[in-house]
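The structure appears right after this line, and notes come after that.
Derivation of every value follows stated rules applied to the coordinates shown; laboratory data play no part. Predicted model only: the values in this text are computed from it and were never measured. For neighbour counting, all protein chains shown are included, and Cβ atoms are generated from backbone atoms with ideal geometry for every residue, glycine included.
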Amino acid sequence: MGCAASRGGAGGGRAESSCVRLVEYESRTYADVASMPITAGERLGSVTFTPCDDMGGRSGGRVEPPIKAMAYRVEGLDVDVAIAVGDDADDAELFAVKSGSGPGSGPNSGSGLPPEVEKFIDAS
């Protein structure tokens with residue numbers, strides 16, 4: 001899991017930094033989607049991510065060690081579009097394929113999420 005900086009809105013607004021949590025699993029990049037109840041199923045394997053540096057370089061050069069977590073299958077979704085990530089199945093969070101890197105994602109996908117994930121979230 002890694003992170004990416006996000007800038008402020010249009011119109012010359014102040015730049016803001018926020019951490020987008022990313023994880024790589026089987027050559028796909030997944031981003032955290034939502035805090036919502038999910039059922040994490042089969043254990044898929046471990047993932048490693050680097051903590052987000054959302055301090056804009058003001059961390060004094062200190063580098064945080066990589067963090068390990070476990071990836072799980074999300075009941076009701078294919079691994080190609082979403083996984084659950086957490087220390088154990090009970091605290092796992094929903095992560096979906098990052099826009100443009102999976103089936104069903106494209107320029108006409110309003111949220112950037114695969115349609116299967118959008119339906120899953122709407123049904124919750």
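A few notes on this one:
- Between Lys68 and Arg43, the contour length at 0.36 nm per residue exceeds the Cα-Cα span by 7.6 nm.
- 3J(HN,Hα) along the range 28-43, derived from phi through the Karplus expression 6.51 cos²θ - 1.76 cosθ + 1.60 where θ = phi - 60°, amounts to 10, 9, 10, 10, 5, 10, 7, 8, 8, x, 9, 10, 7, x, 3, 6 Hz, with x in place of Gly and Pro.
- In this rough spin-label picture, where each label sits 7 Å from Cα along the Cβ direction, the Glu75-Glu26 distance is 2.0 nm.
- Residues whose placed amide H lies under 5 Å from that of Val20, excluding near-sequence neighbours: Ala4
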